[in-house]
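Enquirer: Have a look at this one.
Every number here is computed from the coordinates shown, using simple stated rules; none is lab data. Computed from a predicted structure; not experimentally measured. For neighbour counting, all protein chains shown are included, and Cβ atoms are generated from backbone atoms with ideal geometry for every residue, glycine included.
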Amino acid sequence: MGFTHHELGNYKQALNIYRKALAVTPTAADVKYVVAALQGQHPAPARAPASYIAFLFDLEARRSAYYEWAGESWPPSESNLFHEVHGLIFTGVEKVMRSLVEDVMGVSGDAGDCWLDVLDLGCGRGGAGHEFRGLANRLTGIDLSKLAIEQATQPGLYDELKHGDLLVALQSFLPESMDLLIACDSIPYFGDLSEIMQLIFSILRSGGVASITLDEFANTDPNSQFELGFTGRWSHTPSYVEALAETTGLAIARKQAVTGKTHFVRPAPAQIYRRDDPLTHRSIVYVLQKP
């Protein structure tokens, strides 16, 4: 019942039900995370539970597959509501990522420069895979959603697909085993990015590149560099990302903002409402390069 209210944007009712559920089962990681996100809890959990991410993107994959089977598009009202509630509001990002990567690495998928070993973190149904296939000698995709992976198995797209958590997957790769790492809409489910950055540095070859997207946290307080939003996604200040990249040994070769719109805002903890006119939010595409 709480999830139903949540999906409809009835945040007050959803939060009340989630709190009651948490009182009964205080160890329920998914519910604890959603409550923290909706009420703006500090300190918040360090990251989204793997089970939460898997459930969310299984749901998106299931709905997308249904409408494709029916030969229809998502009804605009349903699609917009689902994506706004969960912060999935940035479109066309994969093309921006590819353009920036090609510029930094001096390659072109259209020209047949398909020599890169590429890792797609949070590959989903293959949106980024379609953009980067032309650059890849070998393309490996990893995702927590089993349903999304099943839908990404079309012939010729990925050479290998793995079901698993982003951090666990990164830890499983040999050092200097990848030329290119892409992470479109997958890292915003983590707060502190120190471990992720270190793992990215480890698996990239010299001159290798990582292209990642992060929701922008427009905050000037140096003591608050990332924040868990009511969408269940974390936002990060550019200064935090830039400083962390430098500390890790990665150079920021390019960055570009993309925008999306949402009607939902949280002006104060646990107070979420829908505006008539949408607000613009920014996600930053970072291209990080290993010397």
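Enquirer: What does the charge dipole of the range 242-291 about its Cα centre add up to, to the nearest 20 debye, if the Cβ of each Lys and Arg holds +1 and the Cβ of each Asp and Glu holds -1?
Expert: Details: 8 positive and 4 negative charges, 26 e Å.
In debye, rounded to 20, the range 242-291 gives about 120.
Enquirer: Still on this structure, I have one more. When every alpha-carbon pair in the range 96-183 is counted, what percent end up more than 18 Å apart?
Expert: 39 percent
Enquirer: Now, a different point. Size of the dipole of the range 165-291 about the Cα centre, Lys and Arg at +1 and Asp and Glu at -1 on the beta carbon, nothing else charged, in debye to 20?
Expert: With Lys and Arg at +1 and Asp and Glu at -1, about 320 debye.
Enquirer: How much net charge surrounds G127 when only the other residues with a Cβ under 13 Å from the Cβ of G127 are counted, with Lys and Arg +1 and Asp and Glu -1?
Expert: Working: positive: K95, R98, R125, R133; negative: E60, E94, D120, E131, D143, D185.
Result for the neighbourhood of G127: -2.
Enquirer: Now a separate question. In Å and whole numbers, how far do the C-alpha atoms of the range 1-138 stretch along each principal axis, longest first?
Expert: 58, 39, 20
Enquirer: Give me log10 I(q)/I(0) at q = 0.27 Å⁻¹ for the range 1-43, Debye formula, one equal scatterer per alpha-carbon, no solvent.
Expert: -0.93
Enquirer: Distance from the Cα centre of the range 206-260 to that of the range 178-205, in angstrom?
Expert: What the calculation gives is 11 Å, centre to centre.
Enquirer: Write down the percent of antiparallel bridges among all DSSP beta bridges whose residues are both part of the range 180-249, to the nearest 5.
Expert: In the range 180-249, DSSP labels about 35 percent of beta bridges as antiparallel.
Enquirer: Let me ask something additional. Please give the calculated 222 nm ellipticity per residue for the chain, where each DSSP H segment of at least 4 residues contributes -39500 (n - 2.57) and the sum is spread over every residue; nearest 500 deg cm²/dmol?
Expert: That calculation yields -11500 deg cm²/dmol at 222 nm.
Enquirer: When the Karplus curve 6.51 cos²θ - 1.76 cosθ + 1.60 is applied with θ = phi - 60°, which whole-Hz ³J(HN,Hα) does each residue of the range 109-114 get, with x for Gly and Pro?
Expert: x, 5, 8, x, 7, 9
Enquirer: Let me have the relative contact order for the range 194-291, percent, based on Cα pairs under 8 Å that are six or more residues apart.
Expert: The normalised contact order for the range 194-291 reaches 37 percent.
Enquirer: Please state the relative contact order of the chain as a whole percent: Cα pairs under 8 Å, 6+ residues apart?
Expert: Value for the chain: 19 percent.
Enquirer: Less than 18 Å apart at the alpha-carbon level, and either on another chain or at least 8 residues along: which lysines does that give for K162?
Expert: Within the straight-line cut-off, K162 pairs with K146.
Enquirer: With both bridge residues required to lie in the chain, what share of the DSSP beta bridges run antiparallel, to the nearest 5%?
Expert: 55 percent
Enquirer: In addition: Leaving out same-chain residues fewer than 8 places away, which aspartates and glutamates sit with a Cα under 14 Å from that of K261?
Expert: K261 reaches E84, D215, E216, D276, D277.
Enquirer: I've got another one for you. When Lys and Arg each count +1 and Asp and Glu each count -1, what net charge do the other residues less than 13 Å away from L244, Cβ to Cβ, add up to? List each step's numbers first, then the result.
Expert: Working: positive: none; negative: D192, E195, E242, E246.
Net of charged neighbours comes to -4.
Enquirer: Show me, for the range 209-222, the HN-Hα J-couplings you get by feeding each phi into the Karplus relation (A = 6.51, B = -1.76, C = 1.60, θ = phi - 60°), rounded to Hz, glycine and proline as x.
Expert: Once θ is set to phi - 60°, the couplings for the range 209-222 become 10, 10, 10, 10, 10, 9, 5, 7, 9, 7, 9, 9, 6, x Hz.
Enquirer: How large is log10 of I(q)/I(0) for the chain at q = 0.07, 0.14, 0.16 Å⁻¹ when the intensity is taken from the Debye formula with one equal scatterer per alpha-carbon?
Expert: For the chain at q = 0.07, 0.14, 0.16 Å⁻¹, log10 I(q)/I(0) is -0.26, -1.07, -1.38.
Enquirer: Could I ask something else about it? Return P(r) of the range 174-283 (all Cα-Cα pairs; 5 Å bins starting at 0; whole %; ordered from short to long distances).
Expert: Taking every Cα pair in the range 174-283, the percentages come to 2, 11, 19, 23, 18, 11, 8, 5, 3, 1.
Enquirer: Also, quick follow-up: Quick check on the range 150-278: of the DSSP beta bridges with both residues there, what percent are antiparallel, nearest 5%?
Expert: DSSP beta bridges in the range 150-278 are roughly 45 percent antiparallel.
Enquirer: Summing Lys, Arg as +1 and Asp, Glu as -1, what charge do residues with Cβ under 12 Å from the Cβ of A136 carry, A136 excluded?
Expert: Counting the neighbours of A136, the net charge comes to -4.
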